[in-house]
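Asks: Before I ask anything, here is the structure I am working with.
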Amino acid sequence: MEKRKPELLAPAGDPQALKAAVENGADAVYLGGEMFGARAYAGNFDHSALKSALGYAHARNVRIYITVNTLVDNRELGEFTDYLFFLYQEGADALIVQDLGVVGLIKKLFPDFPLHASTQMTVHNTAGAKFLAEMGFQRVILAREVGLADIMEIRKKSFMDLEVFIHGALCFCYSGQCLLSSMIGGRSGNRGCCAQPCRLPYHLVDEKGRELRDIPGEYPLSPKDLMLLRELPDLINAGIYSLKIEGRMKSPEYVATVVRIYREALDRAWDDPQNYTVSSQEIHDLALVFNRGFTTGYFHGNPGRQLIGYSRPNNRGLYLGRVLKSGKGNTAFKTRLPLEAGDEIEFWTGEGCRGLTVQKMRFMGREAEQVSPGSQVDISVPFHVQKGDRIFKTRDQRLTEQARETITGISTRRVPLYVRVMAHLGEPLLLEGRDGDGFFAAAQGEFIGEKAIKHELTRKTVQAQVDRLGNTPFILADLEADIEPGVMFPVSEINAVRRQLTKALENDRLCRFQRSLPGDLQDREKAYWSRLKERATVNKKRREGMYQKRPRPYLAVAVGDYAGLTAALNGGADLVYFGGYSIRGKEQWNEQRMRSGVEECRRRGVRPFLILPRIWQEHQENAAMKALKYAQTLAADGVLAGDLGGCFLSLQGDLKVVTDFSVPVFNDAATNTLLDAGVNCLTLSPELNRKQLQHLTFKGTGLLELIVHGALPLVISEHCVLGAASRGKGKCDAPCLKPSYLKDRLGYLFPLVCDQSCRMTIYNSRELCLIEHIAEIIGAGYDILRLELRPSTADHVQRVTSIYRRACDAVVDGDWSTGKAKSVWEELSELSQAGLTRGHYLRGVVC
């Protein structure tokens, strides 16, 4: 396979950050509009700013990828389509998407629009990449948890272009799988509004609420920042197409500095990989512009506790020294780094962290603007500090000014321009220009060349004016002059014709990116929605899916062990999800238990489905294939697939597929896309509210499953909080076999559960319970209702299942009332030690 130099892809949260990225060497920039992007709190770009951004970047041969990587509500799809028309016409180079409904709509309307799969799609194996390739994606942004060995395997087995993150913030959870911000505060990461609760303090406690003191800080969910500067040669050898810097919420100065360093390093790694090194100054500058501590993440394997910045969730800067003495507003310390007026420093005191901007310093009894490392200085500090307090430098004035020069100064990212000037008596001035990419234009003035009285036109005069290219995307590379002796043209005329020439050339350069809307676009759009509605109508009438229409809703129960399966059957389940992967602390699934489970379901007339692992990396493909093989050989009714890779392999194996909530279905279009792919039934996103559920076209078709009760997984992570604490003693002593919890600032307890691969899931502190609204849900047409009881005990499974069985039957028999609903809610409350929540059913997400 031929090696190619990777693209350096930079973030831009606003126009200044865009210029910072381009001027410092980015090959491409990703940015978002005012809606549908996963960074709703960034400055972002309105339509006018997007047009300007595309023009600025394209004129300089820089590609622009637009983020439309959130889940889109049904009511927003019309506005989204208008936005799509705009982006297509203006020439966006690609769209970064998450929502499968958006994917299907784009492919119907604009099949030639390049698509990149957002990391929010949680692609972490070859099968997931192949699933998206069949949908028409050109590129997949791999989950940050995928290590180098697996990256190389995916590259070998897939023809997709691969993009990986190389620098910036890390999520604790697999991107696209996190419901923590959504369920705690209503701000959904899947809607671009993550409030970053992983950066808040938590305490690790046992089942009795006793604090476990093995964790070295209050922030066990706050990862350090990713830095793969030293790993660039490995990424080149792996054949990665694009290297991505995170940071749409970061400042333009941050973007400028990080892009500059990675640009220079990538060029060195490509030109001379054998002698590639990283300088201490580069690491120093990266740390000064922003860092939470640096890590290589999962690139070389699971780093355990080295992943987490336990003591501080935000910028920590670089260690500067300790307070030597303090009094009367003056503080003395010896600096380990250069320090100058304008730098920002922070004191870590017993009362917290306090910062200031250095205004004046005294060194050896005199005022100083700057000092060298090792200097003892005195500065004025307007708050209390004491001897021994640590000091960190969090902003470097010189580094900031260096970055700002690239943003506010004249553009240095330019295209060579070759100009020919023809100036003759009795003729207008003519300039011809050809740029370095072969674009040609000519411009002619209105002034007719006259005989010079004092100053004839010279090549030097023309060059001085033609070279005034300012903030155009061009730089004069050569000037060929055909000037008749004695001719005169005013300087203003030369400038005017130059402006005409550069404008014409720039327009030609931009025209290649712009597209025309297809003539039959309205017909395509109408046909898409007509087919979708027809499909829903047909399924409502004929029920061609797995579930035939019947008076009583199907009650599905997901369980974690064989005892739970038996309990679900005893409680009245109609179908049971089980097996496939095991939860530590419970009886492990094996072939015999799964076989017995299938047989027992058959004996009782209940439909058995095997659960595929929600996350399985490339090196764990055998485990996924084994689960699929069991589903086939044991003649299960189908599988519950929690990722795109599982969907792909199951469909390849001709199995019935139910997608889990971790493959989010948030709108009608997503249902349509997955049905087109061959999926048989879909679990709806738990972030949908009552109003949104009522307006889904496919309700009542037997194709949609709704979770109405249970412990919802909020986070799934390769990092095990329990194991990291345990390994501080040298080895993991399997603390996950005992009940453990994270306690937040309000005292809520979030259960921690690990699977057979030591992958950790954080469950909600309260169980979802929609029993009060069960009649409304059934009446709306939702007839496959799921109880999520995987971590529950067998007794809990049986009691909850039987309660819901009785409630569903009572609704159908007309024996349900508000009073009964309240009584049953109270009964379920007594069963749930942590309490109950209605989730998003009533409130929905804030954004």
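The values are calculated or read from the model by the stated rules, or taken from the named source; none is laboratory data. Worth saying up front: this structure is predicted, and the values here are computed from it rather than measured. Cβ placement follows ideal geometry from the backbone for every residue including glycine, while neighbour counts extend to all protein chains displayed. Just the protein is used for accessible areas: all its heavy atoms, side chains included, with ligands, DNA and RNA removed. Shrake-Rupley method; radii C 1.70, N 1.55, O 1.52, S 1.80 Å.
Asks: Please pick out the residue among HIS124, HIS203 that is open to solvent by less than 10 Å² (accessible area, probe 1.4 Å) and out of contact with any Leu (no Cβ under 6 Å at 6 or more places or on another chain).
Replies: Just a single option satisfies the conditions, and that option is HIS124.
Asks: Based on this model, can you work out whether TYR528 counts as crowded, with 20+ Cβ neighbours inside 10 Å, modelled with pLDDT of 95 or more and aromatic (Phe, Trp, Tyr)?
Replies: No; evaluated as a whole, the condition is false for this residue.
Asks: What single numbered condition from (1) at pLDDT 95 or above; (2) surrounded by fewer than 13 Cβ atoms within 10 Å (Cβ to Cβ) fails to hold for ARG542?
Replies: Unmet for ARG542, out of (1) at pLDDT 95 or above; (2) surrounded by fewer than 13 Cβ atoms within 10 Å (Cβ to Cβ): (1).
Asks: I've got another one for you. Among all residue pairs at least 6 apart or on different chains, which show Cβ distances below 9 Å where the first residue, located in segment 301-316, is of a type in the set (D, E, K, R) and the second is modelled with pLDDT under 95 and open to solvent by less than 20 Å² (accessible area, probe 1.4 Å)?
Replies: Final answer for the pair search is ARG305/GLY723; ARG305/ALA724; ARG305/ALA725.
Asks: In segment 394-401, is there at least one residue being touching a Leu at 6+ places or on another chain (Cβ under 6 Å), open to solvent by less than 50 Å² (accessible area, probe 1.4 Å) and assigned to a strand (DSSP E or B)?
Replies: The answer is no; no qualifying residue exists.
Asks: Would you mind listing the helices (runs of 4 or more DSSP H) fully within segment 641-739 where at least 1 residues are closer than 25 Å to LYS541 by Cα?
Replies: Passing ranges, in order: 668-677, 690-694.
Asks: A further question on this structure: Conditions first: (1) open to solvent by less than 30 Å² (accessible area, probe 1.4 Å); (2) without any contact (Cβ under 8 Å) to a residue 24 or more places away in the chain. VAL371 passes all but one, so which condition is the exception?
Replies: Against the list (1) open to solvent by less than 30 Å² (accessible area, probe 1.4 Å); (2) without any contact (Cβ under 8 Å) to a residue 24 or more places away in the chain, VAL371 comes up short only on (2).
Asks: Can you give me the number of residues within segment 318-359 that are in a loop (DSSP other than H, G, I, E, B) and modelled with pLDDT of 90 or more?
Replies: Residues in segment 318-359 being in a loop (DSSP other than H, G, I, E, B) and modelled with pLDDT of 90 or more: 9 in total.
Asks: Among (1) closer than 26 Å to LEU651 by Cβ; (2) open to solvent by less than 20 Å² (accessible area, probe 1.4 Å), there is one condition LEU569 misses while meeting the rest; what is its number?
Replies: (1)
Asks: Next question, about the same structure. Restricting the first residue to segment 438-460 and requiring it to be surrounded by 14 or more Cβ atoms within 10 Å (Cβ to Cβ), which pairs with a second residue that is at pLDDT 95 or above and of a type in the set (Ser, Thr, Tyr) meet a Cβ separation below 7 Å and a spacing of at least six or different chains?
Replies: Matching pairs, first to second residue: none at all.
Asks: For segment 70-121, which residues satisfy the criterion of being hydroxyl-bearing (Ser, Thr, Tyr) and open to solvent by 10 Å² or more (accessible area, probe 1.4 Å)?
Replies: TYR83, TYR88, THR119
Asks: Just checking, which of ILE245, ILE283, ILE261 is open to solvent by 30 Å² or more (accessible area, probe 1.4 Å), closer than 19 Å to ALA169 by Cα and β-branched (Val, Ile, Thr)?
Replies: ILE283
Asks: Ok, one more. Identify, from the list ALA133, ALA169, the residue that is over 23 Å from ALA527 (Cβ atoms) and free of Cβ contacts under 8 Å to residues at least 40 places away in the same chain.
Replies: ALA133
Asks: Please enumerate the residues belonging to segment 826-837 that are in contact with a Cys (Cβ under 9 Å, 6 or more places away or on another chain) and either surrounded by fewer than 17 Cβ atoms within 10 Å (Cβ to Cβ) or over 19 Å from LEU712 (Cα atoms) (or both).
Replies: Listed by number, the list holds a single entry, SER829.
Asks: In the list GLY580, GLY605, which residue meets the criterion of being touching a Pro at 6+ places or on another chain (Cβ under 7 Å) and either open to solvent by 20 Å² or more (accessible area, probe 1.4 Å) or closer than 21 Å to THR659 by Cβ (or both)?
Replies: Of GLY580, GLY605, the one residue that is touching a Pro at 6+ places or on another chain (Cβ under 7 Å) and either open to solvent by 20 Å² or more (accessible area, probe 1.4 Å) or closer than 21 Å to THR659 by Cβ (or both) is GLY580.
Asks: May I pose another question? Please identify the pairs in which a residue from segment 412-427 that is open to solvent by less than 50 Å² (accessible area, probe 1.4 Å) has its Cβ atom under 8 Å from the Cβ atom of a residue that is polar (S, T, N, Q), counting only partners at least 6 apart or on another chain.
Replies: Within 8 Å, the pairs are VAL415/ASN61; LEU417/THR502.
Asks: Separate question: Suppose the filter is touching a residue at least 40 places away in the same chain (Cβ under 8 Å) and on the phi > 0 side of the Ramachandran plot; does GLY486 pass it?
Replies: So GLY486 fits the description; yes.
Asks: Given the structure, is PRO613 within 26 Å of the chain's Cα centre (by Cα), farther than 30 Å from PHE80 by Cα and open to solvent by less than 30 Å² (accessible area, probe 1.4 Å)?
Replies: yes
Asks: On to the next question. I'm told GLY710 meets every condition in (1) more than 29 Å from the chain's Cα centre (by Cα); (2) at positive phi except one. Can you identify the failing condition by its number?
Replies: Every condition holds for GLY710 apart from (1).
Asks: Of the conditions (1) crowded, with 16+ Cβ neighbours inside 10 Å; (2) more than 39 Å from the chain's Cα centre (by Cα); (3) among the β-branched types (Val, Ile, Thr), VAL812 satisfies every one except a single condition; which number is it?
Replies: Among (1) crowded, with 16+ Cβ neighbours inside 10 Å; (2) more than 39 Å from the chain's Cα centre (by Cα); (3) among the β-branched types (Val, Ile, Thr), the lone unmet condition for VAL812 is (1).
Asks: A follow-up question, please. Is it the case that segment 489-505 has a residue that's touching a helix residue (DSSP H, G or I) at 6+ places or on another chain (Cβ under 7 Å) and without any contact (Cβ under 8 Å) to a residue 40 or more places away in the chain?
Replies: yes
Asks: Now a separate question. Only residues in segment 89-101 that are within 17 Å of VAL679 (Cβ to Cβ) count as the first member; pair them with residues that are outside any helix (DSSP H, G or I) and aliphatic (A, V, I, L, M), Cβ under 9 angstrom, at least 6 apart or cross-chain, and list the lot.
Replies: That search, which allows pairs on different chains as well, returns ASP99/VAL68; ASP99/LEU71; ASP99/VAL72; LEU100/VAL663; LEU100/VAL665; GLY101/LEU71; GLY101/VAL72; GLY101/VAL665.
Asks: Okay, next question. Just wondering, is there one or more residues in segment 486-496 that are closer than 30 Å to ASP637 by Cα, assigned to a helix (DSSP H, G or I), β-branched (Val, Ile, Thr) and open to solvent by 50 Å² or more (accessible area, probe 1.4 Å)?
Replies: No: zero hits.
Asks: From the list ALA807, ALA794, pick out the single residue that is at pLDDT 95 or above, of a type outside the set (Ser, Thr, Tyr) and open to solvent by 30 Å² or more (accessible area, probe 1.4 Å).
Replies: ALA794
Asks: Scan segment 153-171 for residues that are open to solvent by 10 Å² or more (accessible area, probe 1.4 Å) and within 19 Å of LEU221 (Cα to Cα) and report the count.
Replies: Summing the residues that are open to solvent by 10 Å² or more (accessible area, probe 1.4 Å) and within 19 Å of LEU221 (Cα to Cα) in segment 153-171 gives 3.
Asks: For residues that are in contact with a Lys or Arg (Cβ under 9 Å, 6 or more places away or on another chain), of a type in the set (A, V, I, L, M, F, W, C) and either farther than 17 Å from LEU831 by Cα or open to solvent by 10 Å² or more (accessible area, probe 1.4 Å) (or both), tally how many sit in segment 751-769.
Replies: 4
Asks: Okay, next question. Which of the residues belonging to segment 678-698 are of a type outside the set (S, T, N, Q) and either more than 23 Å from PHE609 (Cα to Cα) or out of contact with any strand residue (DSSP E or B) (no Cβ under 9 Å at 6 or more places or on another chain) (or both)?
Replies: Those that are of a type outside the set (S, T, N, Q) and either more than 23 Å from PHE609 (Cα to Cα) or out of contact with any strand residue (DSSP E or B) (no Cβ under 9 Å at 6 or more places or on another chain) (or both): GLU687, LEU688, ARG690, LYS691, LEU693, HIS695, LEU696.
Asks: Right, here's the next one. Would you mention how many residues in segment 96-133 are of a type in the set (Gly, Ala, Ser), assigned to a helix (DSSP H, G or I) and touching a strand residue (DSSP E or B) at 6+ places or on another chain (Cβ under 7 Å)?
Replies: The total comes to 1.
Asks: Does segment 16-38 contain any residue that is open to solvent by 10 Å² or more (accessible area, probe 1.4 Å), basic (Lys, Arg) and over 23 Å from GLU405 (Cβ atoms)?
Replies: Scanning segment 16-38, I find no residue that is open to solvent by 10 Å² or more (accessible area, probe 1.4 Å), basic (Lys, Arg) and over 23 Å from GLU405 (Cβ atoms), so the answer is no.
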